[in-house]
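Peer 1: Quick one: this structure, given as structure tokens, is what I'll be asking you about.
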């Protein structure tokens, strides 16, 4: 009879071995029969992760056209085509198609997250079936199978351990804890819910065995495993719209409705004033709608983001999704995974207590003359491969690495003192001992382990070159030093030894680990990355709040957070564990989320919950991480940031951006670049909308006043020439000096906030007003006596002014409040060339023979050109005066 994977995970860690064997109908001596294994495989399915059904390329492509702005642009293209402006329609369609193609590319890349999870699975497993050990593909494992584990193995499914001999499993990618977990087989009887990192009698799929041997019963396969649950969360995770996408969608909808209403109004007023035929007024209204809708905006945004992406790649930040560039600039919260992101994910000896002196490890005079160094090196199972790489438990490799870093001949020393016997480590006595033969025929016993277990077995202690009897005062000194190191979140090991003339008949803890000489204490930690503290300080200065989210213990997380400046000393109320978080309902947590800066001992679902709580408060959240457990939160966050070196493929593929150097400081660089991108897009929008407002106002007032109206071809030409090149060039403006001294603009801000809307309004009114003034001057002071020619000249002057005034105004929007007259304002050579080319294209319609009839314009005299240039150029003077007044008012208010 087959066993189905349970839909709701039972607490297997509470069950006895007998209960597990009974539930899964297996046999600890023989395992399952091949027939039973095949039946369960058929019933339950393969032991592999399942991705959600993928859309076809055609479906993905069609989905890109469901965006409101894209629909508007398609309508505009159709209108332009039917009105005879085929080139404009072609340009709009090209922009839409390029954006759709890029969107499809993004989706294909993002779906690699589940595929990466699949690739992590162990390809084969050793299984006991029919009383024989056989090797089977891990996909063929079923619940009830007995899996054999040994050092170096990747665990192929979730197991309830029934045998564990010095078994240690590295679960950092799943739990975030940097130290391998010592496994055991006894049931855990607590009634409280236990986090994954504390479920010491279970072994989880895709974690790695670093030491020892074990045997486990498969209790979950495929999507029922802990990694499978994460894969399911990835499948269900909502794709968060970035602030950029939300802003553009809102802006597009608002503008479109306003422009359509205005077009209808102008069409109606034109008919009422008998200014043109129904067909001509319809063409004018359509041309106005096409011109006023900023169809170049998606292309400009894409180009600006792409250029920002290129700059960021040079600074080690690789962007996988273009909108992420801008999102970084609006980030309020950076939720950083501790292990491997804020820390080095490498245990390191930091403090040494020897000869009754506590020292920094780098200051300790390390040599094999020191008994503590002998024990650190000899009571150690680390292997050194031919390339010099250290293999073994990270705690033990840290001890060997310390000796190597102190230029000690570790391999030579190990060769001179061969191991002849040992008492292996076990989780109950928390000690390990090795015995080595000395050159004089005696034997050195080297013991290391938990100080509280080691100290009762010591009768003497080492003090420089002498051995002293152990006293109560000395024991208290050792214990207080141990507590001092533990409070600093250091992992502390005690070292002891003795020399005997003969080996005891039986090597046991009773015969060997007694009457020892205390040699000292070693304090280790997974240290913070050296550059992170400065990066945290910079982030705070920029108004960004850093959070630490980790699967590690509270004390360790607190100590690292304090060292990095994420926590102030004594700020314990800002730390919360996953178990404590489980006690808070969503409403309570939402009220208190601002209180916490460090989250310890958390599970993947906790991370998603934390991100969502901040998002509900309107904050833009960036989440960094490198493990499998980080993937759902990376996908849920406004911007997920993966680690390029230490990160799993799962986390990198789920992220919006990957740090090529795993350097937390690179995030600050990326934020700076994101703010620059937003500022430049904002400049382009300010330029486009003020220009379009000028065009709308000009046509609206011409209609109201009963003046001759600009022709459709003139409107579309102004739109084509002045919108494209200058707006794109504004997207590569240099960074303004004080960009990182402002607080994050946050989720509520948009491209029209921060004083941009008033600027657009008054500057658009200026453009339209100055254009109408030039038209009025052309009629009032004509060069030709013929009224028809005078009106044609005035209309040509208005056409030239409306085009050129936008090019002059492009200089104004280089800074919202700063003056134009600074050297750096003219360093953007691309912008300078864009203005020159656009100006020549505008002038060509009037100056070059053959273009006059095509664009319905007439040649202008020098005095008329003077009026045009004076009218167009005066916008710089007026805007500069307004900016000066704004700066003076701001200074007084501050």
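The values are calculated or read from the model by the stated rules, or taken from the named source; none is laboratory data. Keep in mind it's a predicted model, so treat the numbers as computed, not measured. Note that each Cβ is placed from the backbone with ideal geometry, even for glycine, and that neighbours are counted across all protein chains shown.
Peer 1: Would you please list the contacts, defined by Cβ atoms under 8 Å and residues six or more apart or on different chains, that run from a residue in the range 417-430 that is closer than 19 Å to residue 504 by Cα to a residue that is at pLDDT 90 or above and assigned to a loop (DSSP other than H, G, I, E, B)?
Peer 2: Close Cβ pairs satisfying both conditions: 417/438; 420/503; 421/503; 421/507; 422/507; 423/507; 423/508; 423/513.
Peer 1: Going by the structure shown, is residue 826 within 30 Å of residue 707 (Cβ to Cβ) and either in contact (Cβ under 8 Å) with a residue 24 or more places away in the chain or out of contact with any strand residue (DSSP E or B) (no Cβ under 9 Å at 6 or more places or on another chain) (or both)? Before you say what the answer is, go through the steps one by one.
Peer 2: Numbers: within 30 Å of residue 707 (Cβ to Cβ): no; either in contact (Cβ under 8 Å) with a residue 24 or more places away in the chain or out of contact with any strand residue (DSSP E or B) (no Cβ under 9 Å at 6 or more places or on another chain) (or both): yes.
For residue 826, the condition - within 30 Å of residue 707 (Cβ to Cβ) and either in contact (Cβ under 8 Å) with a residue 24 or more places away in the chain or out of contact with any strand residue (DSSP E or B) (no Cβ under 9 Å at 6 or more places or on another chain) (or both) - is not met.
Peer 1: Suppose we filter the range 197-217 for residues that are out of contact with any strand residue (DSSP E or B) (no Cβ under 8 Å at 6 or more places or on another chain) and farther than 16 Å from residue 427 by Cα; how many remain?
Peer 2: So the answer is 0.
Peer 1: Being assigned to a helix (DSSP H, G or I) and surrounded by fewer than 24 Cβ atoms within 10 Å (Cβ to Cβ) is the filter here; which residues of the range 653-667 pass it?
Peer 2: 665, 666
Peer 1: Counting only residues that are assigned to a helix (DSSP H, G or I) and without any contact (Cβ under 8 Å) to a residue 60 or more places away in the chain, which one in the range 751-770 is farthest from residue 881 (Cα to Cα)?
Peer 2: The extreme case among them is 757.
Peer 1: Still on this model: Over 17 Å from residue 431 (Cβ atoms) and assigned by TED's automatic domain parsing to the domain that holds residue 393: which single residue out of 453, 488 fits that description?
Peer 2: 488
Peer 1: I've got another one for you. Given the conditions (1) in contact with a strand residue (DSSP E or B) (Cβ under 8 Å, 6 or more places away or on another chain); (2) buried (at least 24 other Cβ atoms within 10 Å of the Cβ), which single one is not true for residue 671?
Peer 2: (1)
Peer 1: Output yes when any residue across the range 22-31 is part of a loop (DSSP other than H, G, I, E, B), in the same structural domain as residue 163 (by TED's automatic domain parsing), modelled with pLDDT of 75 or more and exposed (fewer than 13 other Cβ atoms within 10 Å of the Cβ), and no when none is.
Peer 2: yes
Peer 1: Which one is surrounded by the most Cβ atoms within 10 Å (Cβ to Cβ), of the residues in the range 595-614 that are in contact with a strand residue (DSSP E or B) (Cβ under 8 Å, 6 or more places away or on another chain) and not in a helix (DSSP H, G or I)?
Peer 2: Filtering the range 595-614 for residues that are in contact with a strand residue (DSSP E or B) (Cβ under 8 Å, 6 or more places away or on another chain) and not in a helix (DSSP H, G or I), the one surrounded by the most Cβ atoms within 10 Å (Cβ to Cβ) comes out as 602.
Peer 1: Got at least one residue in the range 615-622 being within 11 Å of the chain's Cα centre (by Cα), in contact (Cβ under 8 Å) with a residue 12 or more places away in the chain and surrounded by 22 or more Cβ atoms within 10 Å (Cβ to Cβ)?
Peer 2: yes
Peer 1: Can I ask one more? Suppose the filter is outside any strand (DSSP E or B), assigned by TED's automatic domain parsing to the domain that holds residue 449, touching a helix residue (DSSP H, G or I) at 6+ places or on another chain (Cβ under 9 Å) and under 20 Å from residue 490 (Cβ atoms); does residue 402 pass it?
Peer 2: Yes.
Peer 1: Tally up the residues in the range 693-740 that are touching a helix residue (DSSP H, G or I) at 6+ places or on another chain (Cβ under 8 Å), more than 30 Å from residue 543 (Cα to Cα) and not in a helix (DSSP H, G or I), please.
Peer 2: Residues in the range 693-740 being touching a helix residue (DSSP H, G or I) at 6+ places or on another chain (Cβ under 8 Å), more than 30 Å from residue 543 (Cα to Cα) and not in a helix (DSSP H, G or I): 5 in total.
Peer 1: For residue 439, state whether it is touching a helix residue (DSSP H, G or I) at 6+ places or on another chain (Cβ under 8 Å), under 18 Å from residue 500 (Cα atoms) and surrounded by fewer than 20 Cβ atoms within 10 Å (Cβ to Cβ). Break it down into steps so the answer makes sense when it comes.
Peer 2: Numbers: touching a helix residue (DSSP H, G or I) at 6+ places or on another chain (Cβ under 8 Å): yes; under 18 Å from residue 500 (Cα atoms): yes; surrounded by fewer than 20 Cβ atoms within 10 Å (Cβ to Cβ): yes.
Judged against the criteria, residue 439 is a match.
Residues are listed down the side, and each one gets a yes or a no for (1) buried (at least 18 other Cβ atoms within 10 Å of the Cβ); (2) modelled with pLDDT under 85; (3) farther than 19 Å from residue 26 by Cα; (4) not assigned by TED's automatic domain parsing to the domain that holds residue 34:
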position	(1), (2), (3), (4)
132	no, no, no, no
157	yes, no, no, no
167	yes, no, yes, no
174	yes, yes, yes, no
192	no, yes, yes, no
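Peer 1: Would you tally the residues in the range 801-830 being in a helix (DSSP H, G or I) and either within 16 Å of residue 702 (Cα to Cα) or out of contact with any helix residue (DSSP H, G or I) (no Cβ under 6 Å at 6 or more places or on another chain) (or both)?
Peer 2: So the count comes out to 8.
Peer 1: If I filter the range 639-647 for residues that are within 16 Å of the chain's Cα centre (by Cα), farther than 30 Å from residue 590 by Cβ and without any contact (Cβ under 8 Å) to a residue 24 or more places away in the chain, do I get at least one hit?
Peer 2: Checked the range 639-647: at least one residue is within 16 Å of the chain's Cα centre (by Cα), farther than 30 Å from residue 590 by Cβ and without any contact (Cβ under 8 Å) to a residue 24 or more places away in the chain.
Peer 1: Within the range 534-551, can you find the residues that are in contact with a helix residue (DSSP H, G or I) (Cβ under 6 Å, 6 or more places away or on another chain) and either under 22 Å from residue 486 (Cα atoms) or not in a helix (DSSP H, G or I) (or both)?
Peer 2: Matches in the range 534-551: 542, 546, 548, 549, 550, 551.
Peer 1: Could you identify the single residue in 853, 864, 886 that is at pLDDT 90 or above and either surrounded by 15 or more Cβ atoms within 10 Å (Cβ to Cβ) or in a helix (DSSP H, G or I) (or both)?
Peer 2: Values: 853 fails: at pLDDT 90 or above; 886 fails: at pLDDT 90 or above.
Of the residues listed, the single one that is at pLDDT 90 or above and either surrounded by 15 or more Cβ atoms within 10 Å (Cβ to Cβ) or in a helix (DSSP H, G or I) (or both) is 864.
Peer 1: Given the condition modelled with pLDDT of 70 or more, closer than 30 Å to residue 493 by Cα and buried (at least 17 other Cβ atoms within 10 Å of the Cβ), answer yes or no: does some residue in the range 324-336 qualify?
Peer 2: yes
Peer 1: Return the only residue of 592, 568 being assigned to a helix (DSSP H, G or I) and either under 25 Å from residue 525 (Cβ atoms) or more than 23 Å from the chain's Cα centre (by Cα) (or both).
Peer 2: Exactly one of 592, 568 is assigned to a helix (DSSP H, G or I) and either under 25 Å from residue 525 (Cβ atoms) or more than 23 Å from the chain's Cα centre (by Cα) (or both), namely 592.
Peer 1: Any residue in the range 841-859 that's free of Cβ contacts under 8 Å to residues at least 12 places away in the same chain: show its pairings with residues that are assigned to a helix (DSSP H, G or I) and surrounded by 13 or more Cβ atoms within 10 Å (Cβ to Cβ) at Cβ separation under 6 Å, as long as the two are six or more apart or on different chains.
Peer 2: 851/845
Peer 1: Just name the residue that is nearest to residue 493 (Cα to Cα) out of those in the range 200-237 that are outside any strand (DSSP E or B) and more than 29 Å from the chain's Cα centre (by Cα).
Peer 2: 200
Peer 1: Take residue 492 and tell me if it is surrounded by fewer than 22 Cβ atoms within 10 Å (Cβ to Cβ), over 23 Å from the mean Cα position of the chain (by Cα) and assigned to a strand (DSSP E or B).
Peer 2: Answer is yes for this residue.
Peer 1: Residues in the range 396-434 that are surrounded by fewer than 22 Cβ atoms within 10 Å (Cβ to Cβ) and over 45 Å from the mean Cα position of the chain (by Cα): how many?
Peer 2: Residues meeting the conditions: 11.
Peer 1: Does the range 774-790 hold any residues that are assigned to a helix (DSSP H, G or I) and within 14 Å of residue 864 (Cβ to Cβ), and which are they?
Peer 2: Answer for the range 774-790, where residues must be assigned to a helix (DSSP H, G or I) and within 14 Å of residue 864 (Cβ to Cβ): 774, 775, 776, 777, 778, 779, 780, 789, 790.
Peer 1: How about the range 137-155: which of its residues are in a strand (DSSP E or B) and surrounded by 19 or more Cβ atoms within 10 Å (Cβ to Cβ)?
Peer 2: The answer is 146, 147, 149.
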